[in-house]
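Coordinate-derived values only; no laboratory data. Bear in mind that the values here come from a model prediction, so they are computed numbers and not experimental data. Cβ: placed from backbone, ideal geometry, glycine included. Neighbour counts: every protein chain shown.
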Amino acid sequence: MKIPHLDPDFAKSRWRQWPKAFRTAAWLVAAVWLVFLISPLFNLAYYGNKPRTAEGLLGILTMPFLHAGWSHLINNTLPLFLTTVALFGNYPKVAKRVLILATVITGILVWTFARSSNHIGASGLFYALLTRGAFRK
């Protein structure tokens, strides 16, 4: 029986992607916070996801960046940060694609099936990333 030789550089290369994963998650969360801070100046909450309306289509992409208040923002920050770190740390080759698809798919599902209201927040994105991670392992 032949025992395969373990490559010592493999473990090192796996750890190299984690700093980038943390930076990417930090930038995403910073963007969410920045949008929240400037939202009152430009009434950005108007651009939420309004199901089954033409004006709500833009909300498919903007919904994760908009939040109703400080508690809403704070409650979404840590879960979004941790799931983004896990995604980019474990699956760096497909992470961008998964993040974009998760945003679009959850936005389309909200636009199609949710009650008629203005939907904002990153909870759908967080749950999509969490589900992706659960089914991947």
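So the values come out like this:
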quantity: MRE, 222 nm, helices only [DSSP H, n ≥ 4, -39500 (n - 2.57), over the chain, to nearest 500]; calculated: -23000 deg cm²/dmol
quantity: Radius of gyration and Dmax over the Cα atoms of the chain, both given in Å; calculated: 17.8, 69
quantity: The chain: relative contact order as a whole-number percent, Cα under 8 Å and 6+ apart; calculated: 32 percent
quantity: Compactness of the range 88-129 - radius of gyration and Dmax, Cα, Å; calculated: 11.9, 37
quantity: Trypsin sites (Lys or Arg not before Pro) within the range 51-116: DSSP coil, no more than 14 neighbouring Cβ in 10 Å; calculated: Arg52, Lys93, Arg115
quantity: Inter-label distance for Ile105 and Ile38, nm, one decimal - labels placed 7 Å from Cα along Cα-to-Cβ; calculated: 3.0 nm
